[in-house]
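One structure is given here, and the rest of the page talks about it.
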Amino acid sequence: MLLTEYRNHVLDLPNRIVMSPMTRLRSLPDGSPTADVADYYAQRATAGLIITEGIWPHSTGQSEAWVPGLQTPAHVRAWRRVTEAVHTRDGRVFAQLMHGGRKGHPLARIDGSWPAGPSAVLDDDRVHLIDGGTADPINPNALDHTDIAAIVRQHAMAAINAVAAGFDGVEIHGANSYLVHQFLADNTNLRDDEYGGSIGNRMRLPLALVDAVTDAIGSRRTAIRLSPGNPQFAMIENDPAPLYRALVAELDRRDLAYLHLADNDRYPALSDLRPRWHGTLIANIGENRAPTAAEGARRALSDGHADLVSFGRSFIANPDLVHRLRHDLPLAPIREETLYGRTAEGYTDYPSWAAGALAR
Ligand SMILES: Cc1cc2nc3c(=O)[nH]c(=O)nc-3n(C[C@H](O)[C@H](O)[C@H](O)COP(=O)(O)O)c2cc1C
């Protein structure tokens, strides 16, 4: 089933294997992806769908140094080389828009700006800096209403830039502790205005972003990723079910390209939310677990929990993952130390099965 095609009124994919978004810190200091980035995605173009690493819509949302952007004409030109490389190989690629919210550091950003999230609550993750080092997180500012309106506009602009760069669509990063997740979670959103407190208020910014991107490029090119109740990344969601049921019910009305859901051991997001979502559902089953492999992915499809399955780490180490899954070939392990290496090593040098056979 993983290898069967998937077709609906939005997507036309040769298989159900999706490359999950993964930050690799291989861009230029200005946020432009390099020729290596184009090679990396082109090597993986047999995926049913590629979702890029997180990309900042605006420099004030840059979470770390070397993360790419989609704000300037230079970014659009550089991403166009990436999308052309993927399309030339008959692939399809969505851009993930990733706003860091409270994540970030003036020494990690091209504009030197201070990070700001829903509330002034400290992150717990170290930040990669432009000078190559890392730093402790710093106390973020709380976003005011003007900032929030700007962020909504910036997402719409970045979506327009994504289409200009040749992307097939845009996935809003609503998972894993970034801006949208910070508005949804209990410990990062302490606001007492219309963006905090009740479920309706906490969903307000996530839905405003979806609607702004939809207005800019159309609902069928707009998607969102969520990780309901994910206990990682210092996020606390005490009662995820009512919040995410309400959010998914709202999203379900919007005819989006897809919903990308990360499951976890604390809240069975896939089984709880699948019946409430009538569009395409991409499951990610590897958060907080071993890298996604064939067996779990096949089960997610046969259980009816998803239409497509995203693979993260397995795609890093296996550019020809689709071929390997089709022929039940062993998967190569990732080299952890080169995940964020900033060079081609551990990036574009993982061999395909056929090339590896020469060395074996
Ligand atoms: C190096 C690395 C970078 C990641 N960066 C992102 C990211 O930019 N955006 C995102 O939504 N998830 C990101 N993730 C999470 C993956 O998309 C995926 O959900 C996770 O690795 C679990 O799936 P897997 O078991 O198939 O690897 C990242 C994961 C890894 C390993």
Seminar exercise, completed: Per the filter on region 125-144, residues within 20 Å of the chain's Cα centre (by Cα) and touching a residue at least 60 places away in the same chain (Cβ under 8 Å) are Asp125, Val127, His128
For this session: Can you give me the number of residues within region 199-223 that are under 19 Å from Phe94 (Cβ atoms), hydrophobic (A, V, I, L, M, F, W, C) and in a helix (DSSP H, G or I)?
Result: 6
For this session: Kindly establish whether Ser198 is more than 24 Å from Pro33 (Cβ to Cβ) and of a type in the set (Ser, Thr, Tyr).
Result: yes
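Here's the yes/no breakdown for (1) surrounded by fewer than 15 Cβ atoms within 10 Å (Cβ to Cβ); (2) touching a strand residue (DSSP E or B) at 6+ places or on another chain (Cβ under 7 Å):
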residue: Val309; (1), (2): no, yes
residue: Ala317; (1), (2): no, no
residue: Leu325; (1), (2): no, yes
residue: Arg335; (1), (2): yes, no
residue: Gly346; (1), (2): no, no
Exercise. Cβ-Cβ below 8 Å, separation at least six or inter-chain, first residue in region 196-208 and under 12 Å from Leu184 (Cβ atoms), second hydroxyl-bearing (Ser, Thr, Tyr): which pairs?
Worked result: Gly196/Ser119; Asn201/Tyr195; Arg202/Tyr195; Arg204/Tyr195; Leu205/Tyr195
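Residue-by-condition table, conditions (1) outside any loop (DSSP other than H, G, I, E, B); (2) crowded, with 24+ Cβ neighbours inside 10 Å; (3) of a type in the set (Lys, Arg):
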site: Ala74; (1), (2), (3): yes, no, no
site: Val82; (1), (2), (3): yes, yes, no
site: Ala95; (1), (2), (3): yes, yes, no
site: Gly100; (1), (2), (3): no, yes, no
site: Gly104; (1), (2), (3): no, yes, no
site: Leu107; (1), (2), (3): yes, no, no
site: Ile110; (1), (2), (3): no, no, no
site: Ser113; (1), (2), (3): no, no, no
Seminar exercise, completed: Restricting attention to region 312-326, the residues that are without any contact (Cβ under 8 Å) to a residue 24 or more places away in the chain and either away from the ligand (no atom under 13 Å from the Cβ) or not polar (S, T, N, Q) (or both) number exactly 0
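Considering only residues that are of a type in the set (D, E, K, R) and not in a loop (DSSP other than H, G, I, E, B), look in region 327-343 and name the one that is nearest to Pro29 (Cα to Cα).
If we take residues in region 327-343 being of a type in the set (D, E, K, R) and not in a loop (DSSP other than H, G, I, E, B), then Glu337 is nearest to Pro29 (Cα to Cα).
Quick note: the coordinates plus some simple rules give every number you see, no bench work behind them. Fair warning: this is a prediction, and the values are worked out from it, not measured in the lab. Cβ sites come from the backbone with ideal geometry, for glycine too, and all protein chains shown count toward neighbours.
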